[in-house]
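Working notes, structure below.
The values are calculated or read from the model by the stated rules, or taken from the named source; none is laboratory data. Remember, it's a predicted structure, so these values are computed and weren't measured experimentally. Cβ coordinates were reconstructed from backbone atoms using ideal geometry, including for glycine residues, and neighbour counts include every protein chain displayed.
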Amino acid sequence: MYHSILLGIDFSDASVETVRWAVSRFPDAEITLFHAIEPLGVPGYLRRELGSKLEISLERELDARANLEEIASQCGIEARVEVRPGWTPEALAAITDEIRAELVVVGAHQKRVWPSDELGNTCVAIVRKATVPVLIWRPIRQESDKTILAALDLRDGSAPIAATAARYCAYFGDRLFLLHAMPGTLQAYLRAVSSPTKTEDTVRLLEHRARDAALERVPEELRQSVDIQVSVVRGRPIVNHILNAAETEAVDLIVIGKYHAPGLTGRVLLGGITKQIIRGANCSVLTVPV
């Protein structure tokens with residue numbers, strides 16, 4: 001499915017388990033294990049006492065490289081190992097482009113490192129910076145009957161979201177759940193311009209058309225081979241619908257879009273919904289640039 005996969009490693013248990021999962025799921029892919037060394041302040045007394053003998057940066061790089069090689073050995077693979085200085089999201093984005101990785105995989109921590117941290121801050125920044133799909137991996141909750149949820153807004157250019165979810169579903173052989181949340185202001189608008197009876201009829205018609213539009217975004221060659229369920233919902237915030245469906249349907253992977261727009265910053269491009277899903281989901285999340 002992928003020729004080149006880049007795995008961001010911070011040496012936590014989550015990141016090591018991510019390597020094991022990626023190797024088991026994509027055995028034919030070229031795996032690169034990556035760690036970024038962020039700047040570290042050195043106490044003045046150490047600098048004064050050791051002077052030129054102080055090579056903390058070099059020691060950290062050699063230590064990180066050795067640890068990455070040990071992880072590769074434990075997982076039984078001959079992986080490429082890369083250690084670079086810099087802020088993790090920026091360094092990860094740079095190496096992604098350099099080696100032409102097709103997918104970035106990072107493990108998600110289930111707990112905050114510090115009480116003041118927002119859950120998923122680093123993951124959100126990685127998604128912002130990356131130019132390829134990013135899989136925020138969390139442990140699979142079950143080994144069989146896995147379900148993949150594609151969150152679709154059905155705007156122009158969103159076809160890659162459903163297509164990617166369908167290909168993952170075909171690859172893993174499980175169920176595809178297409179979810180579209182209709183705009184919350186739709187019914188209020190319709191009530192303002194038509195009678196209550198016509199309003200309900202129009203909403204049902206639009207729901208039917210939304211279902212058709214969702215299915216049309218799945219590649220035709222996959223529609224017959226993948227078990228597809230379509231849900232069109234309304235009445236609550238979109239994030240609530242996605243997270244509630246993920247729990248109700250025992251979803252193992254949420255596929256959601258990251259939109260590009262010339263002239264806008266990465267913070268705007270990622271969008272509030274995608275950020276909330278990355279931070280709030282109890283399952284893995286795959287972001288797809290569209």
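Candidates are the residues of the stretch 164-206 that are part of a loop (DSSP other than H, G, I, E, B) and surrounded by fewer than 17 Cβ atoms within 10 Å (Cβ to Cβ); the one that is modelled with the highest pLDDT is P183. Filtering the stretch 51-76 to residues that are modelled with pLDDT under 75, surrounded by 10 or more Cβ atoms within 10 Å (Cβ to Cβ) and assigned to a helix (DSSP H, G or I) leaves I56, S57.
Scanning the stretch 217-243 for residues that are loosely packed, with under 13 Cβ neighbours inside 10 Å and at negative phi yields E220, E221, Q224, S225, D227, Q229, R236, P237. When the residues of the stretch 1-30 are narrowed to those that are within 17 Å of the chain's Cα centre (by Cα) and part of a helix (DSSP H, G or I), which ends up surrounded by the fewest Cβ atoms within 10 Å (Cβ to Cβ)? Ranking the qualifying residues of the stretch 1-30, first place goes to E17. The criterion of at least 1 residues that are in contact with a strand residue (DSSP E or B) (Cβ under 8 Å, 6 or more places away or on another chain) and either modelled with pLDDT of 90 or more or of a type in the set (A, V, I, L, M, F, W, C) (or both) is met, among helices (runs of 4 or more DSSP H) falling completely within the stretch 217-290, by 238-248, 266-270, 272-280.
Answer yes or no as to whether I161 is touching a Gly at 6+ places or on another chain (Cβ under 6 Å), modelled with pLDDT of 90 or more, over 16 Å from C283 (Cβ atoms) and crowded, with 19+ Cβ neighbours inside 10 Å. Here the answer is yes, as I161 does meet what is asked.
Return yes when R48 is out of contact with any Lys or Arg (no Cβ under 8 Å at 6 or more places or on another chain), loosely packed, with under 14 Cβ neighbours inside 10 Å, modelled with pLDDT under 90 and more than 20 Å from S4 (Cα to Cα) and no when it is not. Yes: the conditions hold for R48.
Taken over the stretch 77-98, the criterion of being in a helix (DSSP H, G or I) and of a type outside the set (G, A, S) is satisfied by T88, P89, E90, L92, I95, T96, D97, E98.
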